[in-house]
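The values are calculated or read from the model by the stated rules, or taken from the named source; none is laboratory data. Since the structure is predicted, the reported quantities are computational estimates derived from the model, not experimental observations. Backbone-built Cβ (ideal geometry, glycine too); neighbour counts: all protein chains shown.
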Amino acid sequence: MDFDNEQVNQIVSNVLRKVNRGPSDTNESPDETIPGGQKSGRAAVLKAPRQLEIVEFPLRQIGPDEILVKVEACGVCGTDIHCYKSDPFGLAPVVLGHEGTGEVIEVGRNVQMDSVGKPVRVGDKIVTSILETSDSCMIAKYNPLKSNLCDDLRVYGLLPDEPQNHFNGYFGEYLIIRPESSVFVVNEMSVDLRCLIEPAAVVCHALERAKNSGATLNFRTRVVVQGCGPIGLLMIAVLRTYGINNIIAIDGNEGRLAMAQSLGADELINYRDYAGIDEMAAKVESLTKGLGAHFGFQVTGVPIAFSNLFKCIRRGGGICEVGHFVDGGECAINPHKDICRKEITVTGSWVYNSFEYPNAYHFLQRAERIGLPVASLITHKFPLDRIQEAFEVNLRQEGVKVVVEIT
């Protein structure tokens, strides 16, 4: 095993402390076991809907299979906003944040490599999100490629608070990465790009779901992306990176439509400019040789938008529903006109699998290389002390991606 100078010095220091320890000194104190002598750290706790409070917590020693991370930044996700508004999962009190990244400051003695075989060392920049599912999950047992559908899927930032560990989400100064977690070393990426890896995994998974549904997605395919929030914009970017040359973006915000164009959309439709869905669908048909789009990605999280999208898809086409990560209600469709007569394929996309993270960060790197300004999705940055303001800005849909920086 190779050790760098910092690791050697730490080992020597620990040995000398043990040698010089008196006979009654049997327990290591926090400043002797945590790098830098840190005994505590701050985290933003969601105590109740719309109530975030910065709390100082003790920082415990990590176990042999854990990793201690000094958090650098974390994006505010739509799921975080749903938790902030109404705590729909009943998690409060909870430290949110799953679109984050940070620097490794301590590695448990049993941890050697990340999830793709890269060595994990102090100073590495990492991302993590999903903890592996339990052995009792029947879905994962019989179809490991569908482990994202396990009822016990656990994600950092959506974990219940624990008496012995409050650092379970990225909206804190530290994160303790547990055993059996997915971990990826991404030293070559900027902190902004690292904050986009988790949402990028969502759109990469959606693209794979669309391909697996039998959809024809190639250079000549005409695709509609409905909704230009952060996920919709990344959906456009991943489609352009994949090689789709005919992308129609639909949204009601001109600023977001302009960003959609910079990320690869060829045609822009502001639904507010049309009297109703029939008129807007006619516009889509005019851009697709009178037939409608081959495929559509629904990324709004608005039920009526899902039912409207069927009107924009040609016979034999398909739809991937990406936007409904919480129950937004029901909508009406016409099974004959919308599905059967058109023989449309409808597929859902739910989160992602841990093994899709490498695909996500390679997509972001490739997108930058071909000139797509994916990092421009980050329009607002706030320090941890102003996290409530960050959430309110996101709630008002000002800008696109809001990031909380942990300093």
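In the set 380, 324, 294, which member is in contact with a Gly (Cβ under 8 Å, 6 or more places away or on another chain), in contact (Cβ under 8 Å) with a residue 12 or more places away in the chain, not in a helix (DSSP H, G or I) and not assigned by TED's automatic domain parsing to the domain that holds residue 271?
380
Here are some residues: 90, 102, 123, 97. Which one is of a type outside the set (A, V, I, L, M), under 22 Å from residue 380 (Cβ atoms) and either without any contact (Cβ under 8 Å) to a residue 60 or more places away in the chain or part of a loop (DSSP other than H, G, I, E, B) (or both)?
Working: 90 fails: under 22 Å from residue 380 (Cβ atoms); 102 fails: either without any contact (Cβ under 8 Å) to a residue 60 or more places away in the chain or part of a loop (DSSP other than H, G, I, E, B) (or both); 123 fails: under 22 Å from residue 380 (Cβ atoms).
None of the others qualify; the one that does is 97.
Could you say which residue among 194, 240, 220, 209 is buried (at least 24 other Cβ atoms within 10 Å of the Cβ), of a type in the set (Lys, Arg) and in contact with a strand residue (DSSP E or B) (Cβ under 9 Å, 6 or more places away or on another chain)?
Result: 194 is the single residue among 194, 240, 220, 209 that is buried (at least 24 other Cβ atoms within 10 Å of the Cβ), of a type in the set (Lys, Arg) and in contact with a strand residue (DSSP E or B) (Cβ under 9 Å, 6 or more places away or on another chain).
So in the range 162-187, with the set limited to residues that are in contact with a helix residue (DSSP H, G or I) (Cβ under 8 Å, 6 or more places away or on another chain) and in a loop (DSSP other than H, G, I, E, B), which one is nearest to residue 84 (Cα to Cα)?
Filtering first and then ranking leaves 171.
Could you tell me how many of the residues in the range 328-368 are more than 14 Å from residue 264 (Cβ to Cβ), in a helix (DSSP H, G or I) and of a type outside the set (Phe, Trp, Tyr)? Talk me through it step by step, then tell me what you get.
Going residue by residue through the range 328-368, those that are more than 14 Å from residue 264 (Cβ to Cβ) are 328-362, 365.
Pick out the ones that are also in a helix (DSSP H, G or I) and you get 335-340, 354-362, 365.
Then drop every residue that is not of a type outside the set (Phe, Trp, Tyr), which leaves 335-340, 354, 356, 358-360, 362, 365.
Of the residues in that region, 13 qualify.
Of the residues that sit in the range 309-321 and are part of a helix (DSSP H, G or I) and free of Cβ contacts under 8 Å to residues at least 60 places away in the same chain, which one is farthest from residue 213 (Cα to Cα)?
Of everything passing the filter in the range 309-321, 311 is farthest from residue 213 (Cα to Cα).
Between 257, 268, 233, which is in contact with a helix residue (DSSP H, G or I) (Cβ under 7 Å, 6 or more places away or on another chain) and not in a strand (DSSP E or B)?
It is 233.
Would you confirm, using the coordinates I've provided, whether residue 252 is small (Gly, Ala, Ser), modelled with pLDDT of 95 or more and surrounded by 19 or more Cβ atoms within 10 Å (Cβ to Cβ)?
Values: small (Gly, Ala, Ser): yes; modelled with pLDDT of 95 or more: yes; surrounded by 19 or more Cβ atoms within 10 Å (Cβ to Cβ): no.
The answer is no for residue 252.
Hey, any hits in the range 133-155 for a residue that's of a type outside the set (Phe, Trp, Tyr), modelled with pLDDT of 95 or more, crowded, with 16+ Cβ neighbours inside 10 Å and in a strand (DSSP E or B)?
no
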